[in-house]
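One structure below.
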Amino acid sequence: MAEENQPGVNSVVPDDEGREKFKKSDNVAFYKRQMQGSNMQYKALLETMVLTEKGARFELLESYTQTKLLLSVTPCKNDTVKILIDELQPIKPRFRVPDVVTKEPQCEPLRVVRQSQHSVTLSWSEGCYQVCVWHSPFRLEILCEEQVMVTFNSRGKLWFEMLQDPSRAMSQRSELQENNAGGLWRETFRQFEDIKANGPSSVGSDLCLHGFSHVYGLPEHADGLQLKDTRASEPYRLYNLDVFAYELFSRLGLYGSVPLLVAHKPDRTLGLFWLNASETFVNVYYSPSDQQGDQSPLLKKRRKQPQTDVRWLSESGVIDCTVLLGPGPKHLFSQYAQLTGYQALPPLFSLGYHQSRWNYKNEADVKAVDAGFDLHDIPYDVIWLDIEHTDGKRYFTWDPALFPDPAGLQRHLEKKKRKLVVISDPHIKVDPDWSLYCEAKDGGHFVKSREGQIYRGSCWPGESCYLDFSNPDTRAWYSRCYSLDKYKGSTASLFIWNDMNEPSVFDGPEQTMPKDAVHHGGWEHRELHNLYGFHQHMATFEGLLTRSGGSERPFVLSRSFYAGSQRFGAVWTGDNVASWEYLKISVPMLLSLSVAGIGFCGADVGGFVKDPEPELLVRWYQAAALQPFFRGHSTIVSKRREPWLFGEEVTSAIRTVIEQRYCLLPYWYTLFHQAHTAGLPPLRPLWVEFPSEEITFTVDKQYMIGEALLACPVTGPGVKEIRVLLPGSGEVWYDVHSAEAFKGGSNVVLPVTLDTVPVFQRGGSVVCRSAGSGSCAADFQWLPLSITVALNSQGEAEGELYLDDGHSFSYRDRKAFSLRRFTMLSGRLLCRPASKEGTFDCDTVVQSVTFFGLKRKPSTVIVRVSAGAGDTAAAFQFTETCCTLTVNNLNLRVTADWEIQIG
C-alpha cells in the first residue's frame, strides 16, 4: 500500500468523518436496550441458598419471564468478594474470560448471622465483613462493621439476556429479520452488518458505592484522572480501537481496556473489577447524599452521605464482578495484583531511554543515529525499527536491500550493550509463496469469518489474515516463531513491539474485526474482542522467554492491553499529537493506567503526529524522564527529531534530563521490584500516598514517583512560574536540586526556566542514585551510588534499594538478589538487609551520602563497618543556608552492613 494512501499518515487531527468512524453509545443496540428498556425485576429465592466451601449460591427469579439465574457469592481471604451470575440452565455455556485471573484467592467459609423471609446475612473474616442478600427486589450488600459499603443491584438494573438456540435462529431467519427491533439478531453500522448467531446476550448491573465521591481507573481514555459524571455525556466505553490522533477529554474507547474502577475516600479505598471482554460501557453518577437510605434498615440508621452509582453494561458473557475491599490504596493494589498478576520485573535496559521512529531507513541510518548519541554524550539503550524494516510488511523478515545483515547490526549495538526492538503486528500478509503464511494457514491459526472461511481484512501489507491468539495452539506456534533458528537475522539482543493489535483492520467496522468473526472453540469475536492484544502480548512474551530457555527476562511493548497485561511488559498511549494539550493529558492517562495495575507505561515523547516546537520537545522530555516507559517516537512524515537537531540549548536540556533519568535508575528499579512483589505502581496519584487529604483527590497534573519523590512537570508554553501542591501537614519537602526545604500542607509558587523540572523529595525518605556517567544502563548499573537522606521533622528517614543482575530470572530461581534498607534514626544512618532471602554479590559501593534538613553542623561524622574494620572519622561539608550535610569518599559496599553516626 502506498504511503500516501495509508490511513492516518497524512492526517493531523481527526476530522468529522474520522470521528464518525467510531460508534457512540446511541449507535449500540445493546446499550440502548438496557438504558431504555424496562427493568428486569429479580427476586432472590432465599430458600435455595446453598453454603459451600466456595461461598454461597442462590437462585434469582425474573418476575415477568420466570427465567432463572444462578448467583454465586465468594468471599476470599485477601478481602475480596466475587459476585458471579450466569444462566441457571443455559442452552450452551456462556463465555467466561480465560487467562486473566492468575490464581483464584483462597475462599473464606461463610456462616449465617441472621435470616428472615426478607433477607439473609452471612459473615466471614471473624465477623468483620458481612454480605446481606435481600429477597425482593433482589440486591446484595457488602458491609464492614455493620456499615454498608457496596450495594449490588441497588437500583434494580440487573440485566441478563438469555442465549437463544442458533438452529431456531436459522429456521426462523425471515421472521427474525422482520422482527429485529432493538438490533436483537442483526445490527448495522455504516455499511457494516453484524449477524448475531445467538441473538441478544447482553448483561449489566449497577452498584452503589456508599460514602464515595471520587472514582478512578477504567483506562484507556484521553481524559482526566477522576472519572466524570456521565449523566449528560457519553458513558466510558471499553472497546479496544485503533484511534489515530485521538480526541481529548473523550470517553470513547482507545487501544486498551482495564475494567477496574477504584473508589477512594479518606478512610477507605474500594475496587470494582468487572471481568468481561466484550464491548462494555460504564456510567458513573455522583450524588451529594445517599438517596437509597430508605431501602434497607441498616442504611436507614446511617446519616446521609455522598455516594457514587456505577452501572456496567456489556454485550455478552456473564456477570463476573469482584469487589476489592482495601481498606487502603496499597491493600487494593495488592488485592488486584493477586487476582490478575504482578507487574513483570523488566530488564534494567528497558528503564533507560528508547529512540524510535517510523522508520529508520536502513542499517547505515541506525548506526549513524547510534553514533550520534555517543558523539553528543547522551545515554540511551534501545533503538527501534517500525514496519519498513520488513520485507514487504512480512513480519519476522528483513528488507534484504535496507537491512542485509540484521544480525550484524544487532551485534554492533550489543558491543555497546545496547538493544534493537522491531515491530511485529498480528496481521499476516496473504502470500501463498511466504512460508510463515502457509504454516499459519495449514495449522488453522487464523480467525475465521462467520461463513467459516479464513477471515481477510486490510492492514499495512494490504490483504491480510489475522492470527487467532485466543487459541493456545496458535500462541504456542507463534511463540516458536521467535526462536533464533526460525527468526532468521535475530539474536538474543532483539526485543519486540506489538502494534495494531486491537486488532486494527482498515476496512472493518470501526477499523477493527467484525464482531461475528469466529475464534477457536466457536466463540464469536464479540465475546473476546478486548482480549485480542492481551493474548498476542502473552504469546510474544512466551516466545522471548522460550528463546532464552527461560533464563532471560523478555521486553515486549504492546499497544493493546487488558487486565493482566502488566505480566507481559509495557504499554504506551498510542498515536498522540505534538501539542501542549497532548503533553498535559499524558499525565492523567498514565496515572489512570497505573491505578489499574499497568505500571510500565509511557507516552511517545514529542508526540507521534506533527512536529513539536523546541520548547514543547524539551518539556516533553522532562516529563517523560519522570515516567516509567521513556521512548521518543514519531510518524513517518514528521521531521527527524533526534535530540541534537535543535541547537545546543535544546540538546543540552535534553541531555541533562536523560542523564538524570539514568542516575535515578537504582530508584526506578527498586520501584519496579515493589510493583513486581507487592503490586505498588511506580507512578502514583497524590492520594495514594496521602489517602486522608481530600485536597489531593482531584490532582492529576503532578504525581508521586514511589513514596519519596513528587514531580510536577511543566506542561505549558512560556511558563515563568508554577504552582505545586506539597501535601501532608507536618511533612517536609526538599527541592532535589537546591535542597531548599518547604512545609507540607500548602501550595508553593516556583519560578521556572526552560531548565527547571520541579521535583521534590519527601522528608523521611532515602533515595539512591548512580554517581557518574555512562552511555547506557549497563554502564550505570555498576557505578558508585550517591544516597540522599531527606529528614522529616523528627530527623528520621528510611528507604530501600533493590539489586540483581538486571536481566535474568536468577533473582527468582536462585534468590540472587539483594534488598537493602537504609534507616536514619537518632543521628545514625544504618545500612542493613531488608529481607532474609537473597544473596547477591556485587562490588557496588556507596560513594557519598547527602543529608537534607540537618538542623546543625555536626562536630564529627563517624563511619562504622560491621565487619570489624573499626570506626573511621569521615570528612564532610555542611552548607548552613540549606542545612545540608555531604559526606564524600566513603567507598562502602552497599551489600555490607555499615552505619554513619552524626555527632
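Sum -39500 (n - 2.57) across every DSSP H segment of at least 4 residues in the chain, then divide by the residue count to get the 222 nm mean residue ellipticity, nearest 500.
Numbers: 19 runs with 170 residues, N = 903.
Helix contribution divided over all residues of the chain: -5500 deg cm²/dmol.
When we measure straight from the Cα of residue 855, which lysines land under 28 angstrom away, once same-chain ones fewer than 8 places off are left out?
Within the straight-line limit of under 28 Å, residue 855 reaches these lysines: 743.
List the residues, sorted by chain then number, that are 5 or more residues from residue 770 or on another chain and whose placed amide H is less than 5 Å from its amide H.
Under 5 Å from the amide H of residue 770 lie the amide H atoms of 664, 665, 786, each far enough along the sequence or on another chain.
Give, in nm to one decimal, the length gained when the segment between residue 738 and residue 484 is fully stretched (0.36 nm per residue of separation minus the Cα-Cα distance). Present the calculation step by step, with values, prior to reporting the outcome.
On the way: separation 254, 0.36 × 254 = 91.44 nm, distance 5.02 nm.
The residue 738-residue 484 span can extend by a further 86.4 nm.
Pairs 610/701; 32/448; 367/416; 419/488: which exceed 21 Å Cα-Cα? Spell out each step's value before the answer.
Values: 610/701 24 Å; 32/448 29 Å; 367/416 12 Å; 419/488 17 Å.
Long pairs (Cα-Cα over 21 Å): 610/701; 32/448.
Let a ≥ b ≥ c be the square roots of the eigenvalues of the Cα gyration tensor of the range 784-902; is it rounded (a/c under 1.5), or, if not, prolate (a/b larger than b/c) or oblate? Walk me through the intermediate numbers first.
Values: a/c = 2.27, a/b = 1.89, b/c = 1.20.
Prolate, since a/c reaches 1.5 and a/b exceeds b/c.
Identify all lysines with a Cα-Cα distance to residue 330 below 19 Å; exclude those on the same chain that are fewer than 8 residues away in sequence.
By straight Cα distance, residue 330 reaches 77, 265.
Using the C-alpha atoms of the range 683-760, what convex hull volume per residue, in cubic angstrom, is computed? Write down the numbers at each step before the final one.
Details: hull volume 6.7 nm³, N = 78.
Spelled out: Cα convex hull of the range 683-760, divided by residues, is 86 Å³.
Cross-link candidates for residue 103: which aspartates and glutamates have Cα within less than 19 Å, leaving aside residues fewer than 8 places away along the same chain?
Those aspartates and glutamates meeting the cut-off are 53, 79, 320, 542.
If you take all C-alpha pairs in the range 701-833, what percent of them are over 21 Å apart?
52 percent
Using 20 Å bins from zero, what percent of all Cα-Cα pairs in the chain falls into each bin?
Over the chain, the share of Cα pairs per 20 Å bin runs 14, 45, 33, 7, 0 percent.
Kindly rank 444-453, 801-810 from highest to lowest mean number of other beta carbons found within 10 Å of each residue.
Details: 444-453: 16.1, 801-810: 19.9.
Taking the mean over residues of other Cβ atoms within 10 Å, the ranking is 801-810, 444-453.
Once the dipole of the chain is set up with Lys and Arg at +1 and Asp and Glu at -1 on Cβ about the Cα centre, which of 522, 695, 400 lies farthest towards its positive end?
About the Cα centre, the residue reaching furthest to the positive side is 695.
What is the distance in Å between the Cα centroid of the range 322-353 and that of the range 92-111?
About 19 Å separates the Cα centre of the range 322-353 from the one of the range 92-111.
Calculate the length of the line joining the C-alpha centroid of the range 455-513 to that of the range 788-857, in whole Å.
43 Å
Under the classification rounded if a/c is under 1.5, otherwise prolate if a/b is larger than b/c and oblate if not, where does the range 641-770 fall, given a ≥ b ≥ c as square roots of the Cα gyration tensor eigenvalues?
Details: a/c = 1.86, a/b = 1.27, b/c = 1.47.
Oblate, since a/c reaches 1.5 and b/c is not below a/b.
What is the Rg over Rh value, at two decimals, for the range 589-664, using alpha-carbon atoms and the Kirkwood definition of Rh?
Working: Rg = 13.0 Å, Rh = 13.0 Å.
Here the Rg-to-Rh quotient is 0.99.
Could you work out, for the range 420-553, what percent of all Cα-Cα pairs fall into each 10 Å distance bin, beginning at 0 Å and stopping at the bin that holds the largest distance?
13, 45, 33, 9, 0
What order, most packed first, do the peptides 209-217, 99-107 have when packing is the mean number of other Cβ atoms within 10 Å of each residue? Could the numbers behind the result be given before it?
Working: 209-217: 22.8, 99-107: 14.7.
By packing density, highest mean first, the sequence is 209-217, 99-107.
Rank by packing, highest mean first: peptides 393-406, 137-150, 480-493, 111-124, with packing defined as the count of other Cβ atoms within 10 Å averaged across residues.
Highest to lowest by the protection proxy: 137-150, 393-406, 480-493, 111-124.
What does the charge add up to near residue 879, with Lys and Arg as +1, Asp and Glu as -1, over the other residues with Cβ less than 14 Å from its Cβ? The partial results should precede the final answer.
Values: positive: 855, 856, 857; negative: 735, 740, 880.
Here the charged neighbours net out to 0.
Give me the net charge of residue 331's neighbourhood, meaning all other residues with Cβ under 11 Å from the Cβ of residue 331; Lys, Arg count +1, Asp, Glu -1.
Details: positive: 268, 330; negative: 79.
That works out to +1.
At 7 Å along Cα-to-Cβ for each site, give me the label-to-label distance between residue 828 and residue 456 in nm.
Each label point lies 7 Å from its Cα, and together they span 7.7 nm.
Read the figures in this text as sums done on the coordinates, not as results from a lab. The structure displayed is predicted, hence computed values, not measured ones. Glycine gets a Cβ as well: all are built from the backbone with ideal geometry, and neighbour counts include every protein chain shown.
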